[in-house]
Each structure stands twice: as structure tokens, then as C-alpha cells.
Amino acid sequence: MGMTMTQKILAAHAGKDQVSAGELIEAKLDLVMGNDVTTPVAITEFEKAGFTQVFDKDKIAIVLDHFTPCKDIAAAKLSFESRNFAKKHNIKHFFDVGTVGIEHALLPEKGIVAAGEVIIGADSHTCTYGALGAFSTGVGSTDMAAGMASGLSWFRVPEAISIRLTGALKPWVSGKDVILHIIGMIGVDGALYQSMEFSGPGVASLSMDDRFTICNMAIEAGGKNGIFPVDEQTIAYMDGRVDRPWTAYEADPDAEYAQVIDLDLSTIESTVSLPHLPSNTKTISEVKGLPIQQAVIGSCTNGRISDMRVAAEILKGRKVADGVRCIVIPATQDVYMQCIKEGLTEIFIEAGAVFSVPTCGPCLGGHMGVIYDGERAVSTTNRNFVGRMGHVGSEVVLASPAIAAASAVAGCLCSPDEL
């Protein structure tokens, strides 16, 4: 029986020739990751279990990105504990203020994740790295602790959904619109504990940033992971970043899928998710004119340089509408610096936006953009649950950078073509 991409990666890391959906396996880990929120919990469990050393100091990453620069004493305590642990165990991939970026943009950028690897992270959006042809998935802090100590984790081999892509995206339509469209089709539990495996000729038309965005939100459909095939773009992205051997896996022609979805990218319109679920999707033409008080452009979903360029293209020569706060957050220090070099930072500030240091901040209602009762934000983040960005009476509309930037100018949900 044939195997999917995910199943082949898991089989290789479990030392098996074959695995099948539903099978329980123990697999070797190439990377264990945590952030300033989840790592301290993992440290507590690590030490409670009596562990005194990590399995490999070069295969652990700790990224202080959620509440940093620290917003209060409680946040400072979390970072303090993470710093001490990283120093004690000489963790190679430790990122603090000044070097930090939003974890799921930073690790690919630095070549810390690569094709064919098995990666667990104590953050649900760890599935982002499937864009590189890796198996990556989110776990709890207890599993992170066990992974740091043993270099192993157990998995139930997932079934897979095959999403076959054809065509190419229209102007102003991006990977964010693709994944919102898919989630709208199948629902927030439509891929529950399944691998979302993308294939087909349409893959070649998607940029790496599109693929990162799509895989990032696989979890919002309930997916165990999202994964793309390794092609020329993937290889070009890893070239000069990844300094170790990697492996490209391909699904077998006779691999079994629980579901097959055929999707023509050229038919997808700019899409948003209305409160309070990512699956509550509408095209922008259906909801244009809905007032907003805040626009957030950034996050692990859409804070890369291509996202910054799209936002700047729309904001250039325009002003953020009165009564709207526009917050732009580059995902990493490198993206921040590139924005300065390309003059994007100046465009944002002249438009009346605020330009932040890299942080997860507003995405989880942490800081740098918390909203109040009755306020509505359009955001390029990945979740719009009740109270996600602040008060339980607030609302979050998920959108692409193009829609978020245009809406900031219009003061309401709007397409760039309407400006």
C-alpha cells in the first residue's frame, strides 16, 4: 500500500519501511521548539520529571516572541525562566529581544527547519514548516518537555486530505485567501487530525510565502499538519539557509486519501473570515463597507517581506482613515531591516500607521493592539475567536495584507480595487 508524504516522513523517523493511518509510532525528532508562553511550563515538567539534560542542545529552539518586549512583570518572569534554562543547557537556537522574530517566520528564515524533518513545537501554528516539505505539528508543553529530554515523540499516523491545485491566483489574491477559502469549504474540523497535503500544477504558481501562510492555518481546519511537495522554489529557499543534508519525500501514486479536493486557484476571490470562527468566510464583495476601528498587518501568518510590500504598495500616497488605528508588525528583524532599506517603513509612517518591532503582540490579545468592547479589527492573523484580540465584546475579521491595508485606508472592509 502506498504512503502519503507525511506517512513517508514519519515512517523514516520511526525506523520503519511502512506505516499506515491510525498506527501509533515513536519517531525521532529533528527539532523541538517553544516560546515564552509555553517553554516555562515545559521547563517545570522537565524538571519535575527529574531530567537534568536535553537530548541535543542544537535541536531545541526557544523563541521569546509572544509577550516581548515584555509587557508586564508576569511576561518578564516567563522570559526570565526561559533565558535561564537556555543558558543552563547551552541551547543553540535561543532568540531574545534584539535577535528575536515571530517563531514561525524566524525558524525557516534562519534555516533551522528543512525538508523531510520531523518538528514539534509547543505552539499550534508549528504546522507552518510543512511549506518546506517537513512534517511539523503543534504539541502541548508536556510533550515539549519529553521531546527536549528524549528527542522522541509518539504520533498516531494521520489520514490525509489531498488538495490538488490548478491555475494561478488573480491580482491581490494570496495564500491567505486560499486557506480561508478552504477552511470555509470544509469547516474548522474538516481536517481533524488529518494531514492536508497539497499537490498539482497550481503549486508552482504559489510563492514560498503563500505556502507558509497556507500551512500555518492548517490547524484552523483541525489539521494535524499541512505539507507541500519539495520543488524548485523550495530548494531555492533552503539554498544558503540550510547547512545540513535534507530529504525530499514524494507521495506514492497509490497513496490513500480520506478525501480529495480539486481547487482551481484562478476561481478564488479575496476572502475574509467574519467573527467568530475562521470558517465563517465571505468574499470581500459580500461584506465591503463593514466599519473597522483597527487594522493589523503582521503575525506568523502574514508578517513576511512580501506581505509588507503588498501593504506598502496600497498605503503609498494614501492615509489611514480617521478613527482607524493601523499597526504594521514585521515578523523578524531581517524583515524589519528590509522594510527600512526599501523605504517601506517611511511609507507606513507617512500613511499614519505605527510600525512595531517583531512580536506576536496583538494576535493573542497580548499587547501592541488590544481592542475594547464593541471594536472591530481587520487582521492578517490566524484566529478570530471570541475575545481573541481583547475584550469578549470585540470582533476580529481575518484577511490578507491587501484587504487589511485597503480597509485601513477606507475605514471599512474594502478591496484595493475599490480605493
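Couple of notes before you dig in:
- Inside the range 287-334, residues that are small (G, A, S) and in contact with a strand residue (DSSP E or B) (Cβ under 6 Å, 6 or more places away or on another chain) make up a count of 3.
- Residue match in the range 106-113 (condition: in a helix (DSSP H, G or I), in contact with a strand residue (DSSP E or B) (Cβ under 7 Å, 6 or more places away or on another chain) and closer than 21 Å to L10 by Cβ): yes
- Residue in the range 47-58 that is surrounded by 24 or more Cβ atoms within 10 Å (Cβ to Cβ), free of Cβ contacts under 8 Å to residues at least 40 places away in the same chain and over 28 Å from G222 (Cα atoms) present: no
- Residue list for the range 133-172, filter: in contact with a strand residue (DSSP E or B) (Cβ under 6 Å, 6 or more places away or on another chain), among the β-branched types (V, I, T) and open to solvent by 10 Å² or more (accessible area, probe 1.4 Å): V139, T166
- Scanning the range 235-279 for residues that are within 14 Å of L132 (Cβ to Cβ) and part of a helix (DSSP H, G or I) yields a total of 4.
- Candidates are the residues of the range 360-391 that are small (G, A, S) and farther than 25 Å from L169 by Cα; the one that is most open to solvent (accessible area, probe 1.4 Å) is G374.
- Close Cβ contacts (under 9 Å, 6 or more residues apart or on different chains) running from residues in the range 259-279 that are without any contact (Cβ under 8 Å) to a residue 40 or more places away in the chain to residues that are in a strand (DSSP E or B) and polar (S, T, N, Q) are absent.
- Note on the range 377-388: residues that are more than 20 Å from I214 (Cβ to Cβ) and either in contact with a Lys or Arg (Cβ under 9 Å, 6 or more places away or on another chain) or among the hydroxyl-bearing types (S, T, Y) (or both) total 1.
- Scanning the range 185-213 for residues that are open to solvent by 30 Å² or more (accessible area, probe 1.4 Å) and small (G, A, S) gives S199, G200, A204, S205, S207.
- Test for Q338: is it of a type outside the set (V, I, T) and closer than 23 Å to C70 by Cβ: no
- G15 fulfils the conditions (1) touching a residue at least 24 places away in the same chain (Cβ under 8 Å); (2) small (G, A, S); (3) under 26 Å from R244 (Cβ atoms); (4) not in a helix (DSSP H, G or I) except for a single criterion, (1).
- Note on the range 287-377: enclosed helices (runs of 4 or more DSSP H) holding 1 or more residues that are hydroxyl-bearing (S, T, Y) and either out of contact with any Pro (no Cβ under 8 Å at 6 or more places or on another chain) or at positive phi (or both) are 299-302, 305-315, 344-351.
Every residue, every condition in (1) more than 23 Å from the chain's Cα centre (by Cα); (2) not hydrophobic (A, V, I, L, M, F, W, C), yes or no:
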{"site": "V19", "(1), (2)": "yes, no"}
{"site": "I43", "(1), (2)": "yes, no"}
{"site": "G50", "(1), (2)": "yes, yes"}
{"site": "D65", "(1), (2)": "no, yes"}
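- All of E250, E269, E232 fail the test of being charged (D, E, K, R) and either farther than 30 Å from I112 by Cα or touching a Lys or Arg at 6+ places or on another chain (Cβ under 7 Å) (or both), apart from E269.
- Residue check for S394: under 19 Å from the mean Cα position of the chain (by Cα) and open to solvent by less than 10 Å² (accessible area, probe 1.4 Å): no
- Residue in the range 280-287 that is in contact with a Lys or Arg (Cβ under 9 Å, 6 or more places away or on another chain), open to solvent by 40 Å² or more (accessible area, probe 1.4 Å) and not aromatic (F, W, Y) present: no
- Residue in the range 37-54 that is at pLDDT 95 or above, within 19 Å of D123 (Cβ to Cβ) and assigned to a strand (DSSP E or B) present: no
The values are calculated or read from the model by the stated rules, or taken from the named source; none is laboratory data. From a predicted model like this one, the values you see are computed outputs, not experimental measurements. Positions of Cβ are generated from backbone atoms using ideal geometry, with glycine treated the same way; all protein chains shown enter the neighbour counts. Just the protein is used for accessible areas: all its heavy atoms, side chains included, with ligands, DNA and RNA removed. Shrake-Rupley method; radii C 1.70, N 1.55, O 1.52, S 1.80 Å.
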